[in-house]
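What follows draws every value from the coordinates through simple rules; no lab data is involved. It should be emphasised that the depicted structure is a prediction, and the values quoted were computed from it without experimental measurement. Neighbour counts run over all protein chains shown; Cβ positions are idealised from the backbone, glycine included.
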Amino acid sequence: MTNASWEALSNQAVAASGVVYFLALLAHLVQWAGLRKLPADEEVPSGRIAMAGRLGVLLTVIAVGVHAVALLGRGMAADPNRVPWGNMYEFTLAGTFFVGLLYLVFLRRFGLEWMGPLVVGFILSMMMIGVIWLYEPVAPLTEALYSFWLVIHVVSAVIATGAFTLGGICSVLYLLKERSTAERGYLARLPALISLDRISYRMHAFGFPVWTFAVLITGPIWAHQAWSSYWNWDPKEVWAFITWVVYAAYLHARATAGWKGRNAAIVALVGLATLWFNFIGINYFSTSSQHSYAAPVSFSPSRSEPASTEVPL
Amino acid sequence: MSGLDVKDTGGRDRQATPMPTDMNARELGRWIWRQVTSMRTALVLLLLLALGAIPGSIVPQADVDSLGASRWQEAHPKLAPIYDRLGLFSVYDSPWFSAIYILLMISLVGCIVPRTAVYWRALRARPPRAPMNLSRLPEHAAYTTTDAPDDVLVRAAAELKRRRYRVVVGDDSVSAEKGYLREAGNLIFHLSVLVVLVGFAIGGLFGYKGGVIVVEGQGFSNDLTQYDDFVPGSLFKGEDLEPFTFTIKDFEVDWLTEGPRAGMARKFVSTLDYQQTPASPVETYDLKVNHPLTIGSTEIFLIGHGYAPLLTIRDGNGDVAYSGPTIFLPTDQTFQSFGVIRAPDARPGEIGLEGEFFPTFALGDGMPRSSFGDLINPLLSMSLYTGDLGLNDGSGQSVYVLDKANAEQVMTADGKPFRLDMREGDTVELPDGLGTVTFDGIERWNKIQISRTPGKLVALTGVVLALIGLLGSLFIRPRRVWVRTRRDQGSDATTVDLGALDRSNGGDPERGELELAAIMASLHHPRKDSP
């Protein structure tokens with residue numbers, strides 16, 4: 001296959017997985033629309049409602065598979081072949097893929113079926129944002145990105161982002177359910193507050209070491225190789241550090257101050273806000289970031305670099 | 001409040017702690033210490049640290065982006081002095097930012113020292129005795145059997161040991177505990193934060209970072225006078241520079257001519273001949289992006305490149321007043337470059353040239369510009385100045401700026417500025433008998449960053465240790481399990497009670513219950529290999 005046909009395959013796979021995610025969302029909506037009428041404690045192990053739920057999960061599995069093909073196509077379309085996270089569009093594709101994958105991996109273990117509609121809806125919206133506003137044709141990367149660390153640094157950052165996002169969804173649901181007095185419907189059918197809190201904690205407990213590895217170990221090692229200094233107070237680094245500190249505060253609060261539930265959920269959502277702001281916002285607010293995409297290439301005497309370094313994180 | 005009451009508080013009972021206004025100096029000191037080292041303070045300081053880091057990502061920082069910072073200051077003449085006083089142009093060494101992290105470190109030390117002592121005692125302590133009523137514990141199970149109570153306890157002890165519990169057998173109960181390493185992980189994590197800071201500080205104090213532009217074919221020896229810019233750490237001594245030298249033998253670059261990134265340069269390779277010391281043999285290294293050259297503890301990075309037009313200026317008397325490559329600084333990705341050439345010794349008048357170099361000259365919208373970074377259609381376009389170029393009064397000035405205060409631009413007869421538009425090999429005669437300029441050729445230069453970062457391995461070790469400690473503190477599950485037997489007088493049935501307490505936070509209740517059920521099953525139906 002030629003590079004152009006790989007690229008076309010990737011674009012088609014993105015469209016196809018978008019459609020399948022949408023069908024999965026519909027299936028979950030049918031499921032929850034049916035569940036709305038039933039009392040919150042009534043289990044529905046079989047019948048049309050349960051069927052719709054299982055169909056939703058099955059469609060999500062298919063969509064994540066096609067999503068993987070889209071990523072593979074992006075990587076194969078580049079010359080030389082590379083990992084498919086070299087620009088904002090590819091990073092969005094990879095990030096949403098890992099959100100979906102982690103959801104499926106944790107689905108049985110933590111009993112996350114109830115998260116289905118939100119996860120699928122989130123992936124679908126992010127993919128749409130990516131396709132509409134962030135799309136770029138496959139292009140060679142700038143020199144500094146051709147490094148072994150592109151694989152390990154970015155993939156760990158993406159996995160942590162996926163885990164934090166799932167944890168953040170739990171925290172939002174916690175806050176909503178806490179205020180809700182409904183006896184039926186979606187919120188009433190969610191796991192008990194204490195379980196939501198615990199699942200959220202465990203997502204964050206998984207994401208935090210991975211984030212530490214991405215931001216404070218592989219990031220500095222690569223920065224040292226490429227830019228001669230392992231910590232540059234670059235805006236992206238600063239915000240990654242801020243995210244780290246906020247999540248450290250979250251874990252610290254849970255472990256020692258006994259902040260469970262509401263306060264912890266709020267801190268977790270602040271962390272999630274800094275994380276996504278760092279991913280998308282900082283590229284538009286800062287012109288000096290060495291990780292920047294949106295900024296025009298600056299080539300000033302003090303910062304003359306062979307590569308206008310574009311690193312997604 | 002009586003004297004007895006004050007003595008009784010002993011620093012432990014928060015309820016009885018007097019307010020700061022009632023305290024003498026020593027008590028106040030202890031009160032402050034307790035506040036600083038409290039968990040709540042640590043939490044607030046962590047969030048403050050996050051908040052305090054934000055301005056540094058919005059306002060350009062002088063030591064990260066000095067050009068950006070000075071441009072910002074020019075654009076905001078009213079705000080700039082206020083921001084400057086607040087330290088917003090160097091947030092990360094400002095007093096208030098330092099105050100936050102120093103307080104955080106004090107809080108951290110104040111937290112880990114007592115916790116280490118507690119942990120040390122806990123490590124050597126025996127698992128606590130079984131509570132009287134195990135059914136009150138969050139995890140509980142019970143069964144009755146005809147086995148003798150002592151047999152059950154022996155089996156329980158064996159099973160718990162097999163599950164890596166620390167076990168103590170009492171008269172009618174077994175106490176077991178595991179997961180001691182969780183707190184060790186926690187302490188390691190906190191200690192490592194200090195290690196990282198020490199590493200960071202060593203780099204800041206004893207390291208240095210310097211930059212130099214070297215033209216292809218020319219050399220560099222590691223001496224303070226050779227650097228274009230040099231930022232030493234506050235305790236760095238100039239004589240610590242390692243005595244290496246290098247020469248750039250060759251520099252190659254690939255220009256992409258098609259595809260979405262056409263015009264981008266790639267695959268920079270700078271071939272260096274270097275000597276570690278003047279006495280050592282000459283070695284060769286291909287310096288690339290992401291592949292620095294390490295000499296001793298110093299590292300050499302390739303971080304930029306550009307063009308250096310080669311010119312010869314002969315003055316009115318025919319003497320060579322200037323000859324050699326001149327570094328032009330690129331102003332955009334097409335490598336349109338700006339530069340200045342000065343020949344103060346030219347007679348009858350000093351000669352100054354200022355202008356642009358276009359690697360691939362093109363006219364776009366009537367404006368001269370470069371359309372590509374490679375040398376496809378190179379053109380040099382300079383304007384001419386004469387008079388006093390300000391080079392003889394001894395004051396230093398940038399080689400990239402022409403001092404026009406006492407110089408005047410040379411005009412043509414019809415009053416337009418005189419321009420030299422030259423291609424390689426051209427010679428232009430200057431008006432007013434000033435002399436001639438010859439464009440001999442084009443060389444390339446590399447911007448080389450040279451830095452020494454002592455303590456980087458200390459910092460790296462610190463972060464790796466922190467990660468290991470973190471994993472321990474998040475995923476090791478400290479648990480206590482108790483088994484108690486009871487046989488009523490005259491009965492031959494033994495009641496066995498099991499209880500467990502998961503002391504991790506966010507622990508998984510189902511897993512705990514499964515473990516308890518498995519322990520119970522093994523007591524009920526002993527494994528073949530157990531006694």
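Table for the structure above
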quantity	calculated
Between the range A:21-47 and the range A:121-173, the alpha-carbon center distance in angstrom	30
Rounded Å value of the spacing that divides the Cα centres of the range B:315-352 and the range B:281-296	32
For chain B: lysine pairs under 18 Å (alpha-carbon distance), excluding those fewer than 8 apart on one chain	12
MRE, 222 nm, helices only [DSSP H, n ≥ 4, -39500 (n - 2.57), over chain B, to nearest 500]	-10000 deg cm²/dmol
Per residue, the convex hull volume that the Cα atoms of the range B:94-205 enclose (Å³)	146
Against the rule of thumb 2.2 N^0.38 Å, how large the Cα Rg of the range A:7-90 comes out	1.47
Amide hydrogen neighbours beyond the local backbone of B:R166, cut-off 5 Å, H modeled	B:E177, B:K178
Residue mean of other protein chain beta carbons inside 10 Å, A:199-210	3
Gaussian network model of chain A, Cα within-10 Å springs - most flexible of A:S17, A:S171, A:S229	A:S229
Ranked packing of A:98-104, B:315-321, most packed first, by mean Cβ within 10 Å	A:98-104, B:315-321
At least 24 Å along the helix axis (C-alpha) and Kyte average at least 1.0, DSSP helices within chain A	A:48-77, A:88-110, A:148-179
Those lysines that a straight Cα-Cα span of less than 26 Å connects to A:K37, excepting residues fewer than 8 apart in one chain	A:K177
Helix-derived mean residue ellipticity, 222 nm - over chain A, DSSP H n ≥ 4, -39500 (n - 2.57), to 500	-22000 deg cm²/dmol
Packing rank of A:65-72, B:227-234, where each peptide gets the mean count of other beta carbons within 10 Å, highest leading	A:65-72, B:227-234
Residues B:S98, B:S270 arranged by fewest to most Cβ contacts within 10 Å	B:S98, B:S270
Viscosity 0.692 mPa s, 37 °C: Kirkwood-radius Stokes-Einstein D of the protein assembly as shown over Cα pairs, µm²/s	102
The range B:303-414 - Rg over Rh from alpha carbon coordinates, Kirkwood radius	1.00
Rg and Dmax [Cα atoms of chain A; Å; Rg one decimal, Dmax integer]	20.6, 70
By average C-beta atoms within 10 angstrom, highest first, the peptides B:425-431, B:121-127, B:105-111	B:105-111, B:425-431, B:121-127
Distribution of pairwise C-alpha distances over the range B:188-346, 5 Å bins, in %	2, 7, 12, 15, 15, 14, 13, 10, 7, 4, 1, 1, 0, 0, 0, 0
Where Rh is the Kirkwood radius over Cα pairs, Rg/Rh for chain B	1.21
Inter-site label distance for B:E429 and A:A40 at 7 Å from Cα along Cβ, in nm	9.8
Convex hull (Cα only) mean projected area of the range A:108-178, reported in nm² to one decimal	7.0
Where Rh is the Kirkwood radius over Cα pairs, Rg/Rh for the range B:47-100	0.97
Shielding by other protein chains, B:266-272, mean Cβ within 10 Å	2
Under the span-like rule (Cα at least 18 Å along the axis, Kyte-Doolittle mean at least -1.0), DSSP H helices of chain B	B:39-58, B:95-124, B:149-162, B:181-206, B:456-475, B:509-524
Between the range B:59-132 and the range A:51-88, the alpha-carbon center distance in angstrom	41
Formal net charge of residues neighbouring A:F164 (Cβ-Cβ distance under 15 Å; K, R +1; D, E -1)	+2
Ranked list, fewest to most other Cβ atoms within 10 Å of each Cβ, for B:K209, B:K237	B:K237, B:K209
Radius, Kirkwood style, for the range B:40-133 when every pair of distinct Cα atoms is counted (Å)	16.6
Test item: A:228-240 mean partner chain Cβ contacts at 10 Å	6
